[in-house]
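Report on one structure; see the data block that follows.
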Amino acid sequence: MEVKTIAVIGAGTMGRGIAYASVLAGYHTVLEDISETRLEQATGWIRKALDEGVSRGKVEPVNRDAAMKDLATASKIEDAIRDAELIIEAVPEEMEMKLELFTIFDKFAKANAIFASNTSSLSITEISDVTVYRERCIGMHFFNPVPKMKLIELVKTPLTSEETVATCREVGRRMGKEVVVVRDSPGFITSRVSALISNEAFAILETGIASAEDIDQALKLGLNHPMGPLELVDLVGLDVCLNVLEYLHQMLGEKYRPNLLLQRYVKEGRLGCKTGRGVYDYPKHKSSLEI
């Protein structure tokens, strides 16, 4: 199936990043959020990211201008999805919210539209069970920051059609991403592995074996990771990482039990870059993946 219009539901960090990748790939893109303020902030962020791409020679000015023309916003889901061949939800990791959205997609989307979730760990099978056309449901797990991160995990359920997988693979290719395909399971590939790494990094920090800076430096230089696990947790959000660990602990057992220091930081409101303080203080600390 040919995709001409993509609807992105949720204009937070991930939603705006996905919308950026979508318009730059030449898709007409409708970014939806109930908050007009968040939509304005997301549009400004996309414009700034495109301008910075031009200044670095990564984006041609004509492509920047075309991308901004391809970007539209909506404050109602029904308006956003009406003409979209691909709908990508990028709302917080709350199953009830995602179930509600897929129910709305099922009711108001055009015929043959694909419904995709950007969830990093939740069951695509469970999300798709509220729809009639489950063969058109899939996970499209993007990574933060979307403009820099090259991977998309395509997560297929036992009922996801090969046409749906092929269509989303082509969308990923046009966005300049590499695609891996994984069967639906808790945490997929990346969240399952990275949750263990970040949880162990917090255990090392909690026991005083090494400082946060040295833990991150060791994994960057010793294991060739682009950024340290504690930097990554700050970027993603400590609350998000805790939610993922709690879900994986429930589904996969004791090895995913969340570290107590991580839990304490979240209770204290130390959620990472978005609150100005997590493992590190911001803007004092510079992430190696900043745009």
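Computed quantities for the displayed model
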| quantity | calculated |
| --- | --- |
| Meets criteria (closer than 24 Å to LYS148 by Cβ and surrounded by fewer than 20 Cβ atoms within 10 Å (Cβ to Cβ)) for LYS274 | yes |
| Residue that is touching a Gly at 6+ places or on another chain (Cβ under 9 Å) and within 19 Å of VAL146 (Cα to Cα), where the choices are LEU235, LEU248, LEU252, LEU219 | LEU235 |
| Answer from THR43, THR29 - the residue that is under 19 Å from VAL171 (Cβ atoms), touching a residue at least 12 places away in the same chain (Cβ under 8 Å), surrounded by 14 or more Cβ atoms within 10 Å (Cβ to Cβ) and not hydrophobic (A, V, I, L, M, F, W, C) | THR29 |
| Members of region 1-13 found to be buried (at least 24 other Cβ atoms within 10 Å of the Cβ) and aliphatic (A, V, I, L, M), listed by number | ILE6, ALA7, VAL8, ILE9, ALA11 |
| Segments classed as strands (runs of 3 or more DSSP E), wholly inside region 106-189, with at least 3 members that are surrounded by fewer than 20 Cβ atoms within 10 Å (Cβ to Cβ) and not aromatic (Phe, Trp, Tyr) | 178-183 |
| Test: residue in region 226-246 that is of a type in the set (S, T, N, Q) and surrounded by fewer than 13 Cβ atoms within 10 Å (Cβ to Cβ) | no |
| Candidates ILE197, ILE204, ILE209 - the one that is surrounded by fewer than 14 Cβ atoms within 10 Å (Cβ to Cβ) and modelled with pLDDT of 95 or more | ILE209 |
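The values are calculated or read from the model by the stated rules, or taken from the named source; none is laboratory data. Note that the structure is predicted; figures quoted are calculated from it, not measured. Heads up, the Cβs are rebuilt from the backbone with ideal geometry, glycines too, and the neighbour counts pull from every protein chain shown.
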